[in-house]
Every structure is written in structure tokens, then in C-alpha cells.
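Comments concern the structure below.
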Amino acid sequence: MASVMNRVETDTGDWHCLIPLTELAAESVKMLRVNGRQIALFHTTGGIRACDNRCPHEGYPLSEGSFSSDCILTCNWHNWKFNLDTGDNLFGGDRLRTYPLQIRDGDIWIDLTDLPYAERYASIHKSLHEAFDDYSYDRIARETARLIKIGADPLDGSLFLFVNRRRDRLKILHFDGTGFWLYYKRLEAGTFEVLACDDPCVEIDATQLAMLLGGVSLVSAEKRRKRYRRPDRALTTSCHQ
């Protein structure tokens, strides 16, 4: 194990110098501490690869795992397998973070730049959706912890809604102050509306939520309300009551 100190921040990344290439070639695998992170470095037949050292499943050190000639890394604790080129989980579970590398003057450099918040949030939201579909409650807990790690607050009373592809089933994750609730509903007829929005978070009121859970289209209801709305004077008066 070694610690890395050399660092260069640019407009195109947060690059850190790791070790000389010759040092890795002699050992094939190296675990390094870089800017508070544990990084596993591998010298494979396809080139140099880097990833988080801790398995996203239960934290086993991946530098003690095994990797094949086709860049498949296996965690020796629960046999989870990851593609070192992409970070994809071959079993369809939690992904492994991999890092871009460069060779500069015989040294290995790594880019630790994080993705923008919106992309990380959307990725975790997608993983939560997959966890709900697989009824993987341990993974739901892990993805919720990742939300907290990136600065989101799943404990603020927000509802996390997940709709299946046929849009006839809906699941909700909600923290009520004492613990998490998992709600599930299947419509006997009709479909749930998927809210179209660039932002992963949408604010709706209790009436809109009730309509959404009942399979009522919020867009259609809004059009009907605009068509038959009362005169402005009556509407203003009603708002002050």
C-alpha cells in the first residue's frame, strides 16, 4: 500500500500521479490511497486499469480479488464479477467505479473527477429502480446510502417513485421519521403517468399525488382545469379563504 501526493487540477480533470509504470509491471496489482480514496490498480494484458478498491457489494478489497485476461475482476468474497473496462456488474447489480488513466513520462496518472451531481443522482435513481424490480432490499439500502454520500437527503420526507415499463405498477420509498417504508401498488386498469422533467426531483402537492396514484393524468387534468376554470375574481377569493 502506498499514498499518492502529486496532484494537478486542470479544466479537464483532477489528475493525480500514482506510481511509475515499472513498479506496477513488477507486481501486477497495487492498492493505493489517493486523496482519501482506496484505488486498485491492475496491470492486465489489455493495459492498465483502475477502480475503487472496495467492492460495492460489501466492501471486500478488490485488490485481493482475481482478474482474467479479458479484464473481468472477481471479488473473492461473494464471487461478484465486474468488467474492468466499463465497471458493469456481470450479475446486473451494483456497478463498480472505474477511472481514466494516462501514462506520462513513464508514470501512471489517474483522473478522480466526479460526474456532475445531476448525473450521479440520476444514476443512483436508476439503480434504485433496478433494485426495486429485483426485490433487492440490501441494494436499496446501499443505493440510499449513496444518495446521502453525494449530498442528497433521502430523509427529508421526499418520495422516491418508481414505475415499471408497462406503467401499471408503482413503488415508493419513503422515510417517515422512524424508518423507511416501501409502498407498492398495481393498477387494475389504466396506467400511471410518468412525469416528464429534466430535473430528477419534481415538487407536486397532495392532490396531484393522489391523482398520480389513482392513475389520473396530471396533464389531462390540468387542461380540463384551464378550460373550465372560474373567473379570476372567484379564483382569487378562493385562494384567500
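The values are calculated or read from the model by the stated rules, or taken from the named source; none is laboratory data. Predicted, not measured: the structure shown is a model, and the values here were computed from it. Here Cβ is always computed from backbone atoms with ideal geometry, including for glycine, and neighbour counts include all displayed protein chains.
If you filter region 48-86 down to residues that are touching a Lys or Arg at 6+ places or on another chain (Cβ under 7 Å) and of a type in the set (Val, Ile, Thr), you find that the one that is surrounded by the most Cβ atoms within 10 Å (Cβ to Cβ) is Thr74. Considering every residue within region 124-146, establish whether at least one is in the same structural domain as Val194 (by TED's automatic domain parsing), hydroxyl-bearing (Ser, Thr, Tyr) and at pLDDT below 85. For region 124-146, residues in the same structural domain as Val194 (by TED's automatic domain parsing), hydroxyl-bearing (Ser, Thr, Tyr) and at pLDDT below 85: present. Does Gly92 fit the bill of being modelled with pLDDT under 95, exposed (fewer than 12 other Cβ atoms within 10 Å of the Cβ) and in contact with a helix residue (DSSP H, G or I) (Cβ under 6 Å, 6 or more places away or on another chain)? Spelling it out, it is not the case that Gly92 is modelled with pLDDT under 95, exposed (fewer than 12 other Cβ atoms within 10 Å of the Cβ) and in contact with a helix residue (DSSP H, G or I) (Cβ under 6 Å, 6 or more places away or on another chain). Remark: pairs (first residue in region 163-183, in the same structural domain as Ile140 (by TED's automatic domain parsing) and at positive phi; second residue modelled with pLDDT of 85 or more and surrounded by 11 or more Cβ atoms within 10 Å (Cβ to Cβ); Cβ separation under 7 Å; 6+ apart in sequence or on different chains) = Arg167/Thr191; Arg167/Phe192. Looking at (1) in the same structural domain as Leu96 (by TED's automatic domain parsing); (2) in contact with a Lys or Arg (Cβ under 7 Å, 6 or more places away or on another chain), which is the one condition that is false for Gly106? If we test Gly106 against (1) in the same structural domain as Leu96 (by TED's automatic domain parsing); (2) in contact with a Lys or Arg (Cβ under 7 Å, 6 or more places away or on another chain), just (2) comes out false. Based on this model, can you work out whether Asn83 counts as touching an Asp or Glu at 6+ places or on another chain (Cβ under 7 Å), in contact (Cβ under 8 Å) with a residue 12 or more places away in the chain and not hydrophobic (A, V, I, L, M, F, W, C)? The answer is no for Asn83. Taking the criterion of being among the β-branched types (Val, Ile, Thr) and in contact with a Phe, Trp or Tyr (Cβ under 8 Å, 6 or more places away or on another chain), the residues of region 61-118 that qualify are Ile72, Thr74, Ile103, Ile110. Taking every residue in region 2-23 that is more than 19 Å from Pro100 (Cβ to Cβ) and pairing it with any residue that is modelled with pLDDT under 55 and among the aromatic types (Phe, Trp, Tyr), at least 6 positions away or on another chain, yields no pair with a Cβ-Cβ distance below 8 Å.
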